[in-house]
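Note sheet for the following structure.
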Amino acid sequence: MSARFARLGLALLALAAVGGGPVHTVQAQDAASALRSGDYDAAILLLQRQAKKEPRAAAAHRLLVRTLAEVGRYADAEEEAKTFQAANPRSPELLTSLGEILATRGRNSEAESAFKKALAGGASDALTAEVDLAALRLARGERDEAMRGFHRLIDAYNQASSLSSEQLAAVARACWTLSCSRTPSRPSTNPSPPIPTTWTPASTSPPCSSRSTTAPTPPPRQRRRWTATLPIRERSWPWPACSMRTARRARWRCWSGA
């Protein structure tokens, strides 16, 4: 509901910008005030009056169609869009809104045809038709074709010097869908080798246990043994029982010749 109301606000801004005179501008401002306050009935009456005064004003008719769809009057919105198309058969300006209403009512084939006609006719909201058509194809399972449509929106954004707020909203929808689908922006010409999805262990242990997490056990430390006899120059005698300190001192004396 909030997204639709934002689109209604954008349409109101466009309507005020292309108004034919002060009376039309006042009516657009009154309709905007009525929509902001939630008085949809008053807004619809004001928009119907303006649409009757200007049967060729696509902005007024588009806003009327979107407001009718906002309150759930899809049959009236479809009839209003088709009435404008019958009076202006060469104008593609309401084909996108008509396609959205048809898609909401479950008539996807007719909606796809309307979106394609809006793109072929170069409608001012062609980017909205492009993203709606791509979303319709994605929901139908035609993923590759839908992704190409979303990428065309990114290309249009990169190549355009300036875009309207409604066109930027369409590009934002494409970016959001691409980010959610986790699809790369462009297919790689030199794809990397596929990552194996299964792991065949050399042993029954899991991969994380192939590397030991504990330190290796050091070899047993060999204790130094003291000899029971000391080399003496002239004579030798049995080694008396003494302390370690005495034994070290006796060995030092023998080595030093003291």
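Every read-out reported here was derived from the displayed coordinates using simple, explicitly stated rules and does not represent laboratory data. These figures come from a predicted structure and were not determined experimentally. When we count neighbours, we look across all protein chains shown, and the Cβ atoms used for this are built from the backbone with ideal geometry, even at glycine.
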What order do you get for 90-99, 45-54 when each peptide is scored by the mean count of other beta carbon atoms within 10 Å, highest first?
90-99, 45-54
Once the mean 1/r over all distinct Cα pairs of the stretch 53-155 is inverted, what Kirkwood radius in angstroms do you read off?
13.7 Å
Burial order of peptide ranges 103-114, 124-135, 163-174 (average beta-carbon count within 10 Å, highest first)
124-135, 163-174, 103-114
Overall Cα dimensions of the stretch 118-182, principal axis frame, Å, largest first:
31, 25, 16
Please list, in order along the stretch 156-173, the HN-Hα scalar couplings obtained from phi with the Karplus expression 6.51 cos²θ - 1.76 cosθ + 1.60 (θ = phi - 60°), rounded to whole Hz, x for Gly and Pro.
5, 5, 5, 8, 7, 6, 8, 10, 6, 5, 5, 5, 5, 5, 5, 5, 5, 4
